[in-house]
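The values are calculated or read from the model by the stated rules, or taken from the named source; none is laboratory data. Treat the numbers as computed from the prediction; the structure is a model and nothing was measured. Virtual Cβ from ideal backbone geometry, glycine too; neighbours counted across all protein chains shown. All accessible areas refer to the heavy atoms of the entire protein, side chains included, with ligands and DNA or RNA removed. Shrake-Rupley method; radii C 1.70, N 1.55, O 1.52, S 1.80 Å.
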Amino acid sequence: MKNLKNNIADISKNGESLIQNYLKLFGMRQSERLATFLGGISSVFLISVLLLIIIVFGSIVLADFLNSLFESKYMGFLLISILYLITVGILLLKMKATGKPLFTNLFMKFVLPLLNIDINQEPTVKGVEIERIQIEEKIENDKEFINVHTQLIKYAIFEDLFGVLTGFFQTKSDTEKQTNDKKESND
């Protein structure tokens, strides 16, 4: 019976740990998604504003160019438009190189505390990914511990049941032996 109680206690501890790890993993996945979403929104907003500026300055340059036909007054407007075009190009290249929107790591630093998630890694997308992998491995280990303890409970139950059954048959055979001994002594 003591083995059975110990195994049940171990299963409850490992089960609690498993549930806590699942909840932490869920929170980390949601944090990553929310940070990516907010980073995407801010990236689209920033790029949209810069493109709007390009269109405005480009339109002014084109209008001035057409009005003055080869006057040098438009060169300043053209250079500003080219500067914004280069800026947007650099931002798009950076997003393509990282594979994430521009402000994802910044939002990750705000989202993790907001959702009350503590991680042992740096609060960036890479740090959350490392922590997520570690939590997934821990969950798999906890599952294995629970399976082992479940098997131990089965064995403990069978051991206790076997002990009860053998005790029952021993008692019955001892009673029969005493009855047979009395009969022989009477004969």
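Observations on the structure shown:
- Charge context of LEU106, other residues only, Cβ under 15 angstrom, K/R +1, D/E -1: +2
- Spin-label model distance (nm) - PHE169 vs VAL44, 7 Å beyond Cα toward Cβ: 7.4
- Accessible heavy-atom area order of GLU159, GLU140, GLU131, highest first, probe of 1.4 Å: GLU159, GLU140, GLU131
- Solvent-accessible area of SER48, all protein chains in place: 60 Å² (probe radius 1.4 Å, heavy atoms, ligands and nucleic acids excluded).
- Links that overshoot a 28 Å alpha carbon limit, given the list LYS109/LYS138; LYS100/LYS143; LYS96/LYS126; LYS13/LYS100: LYS100/LYS143; LYS13/LYS100
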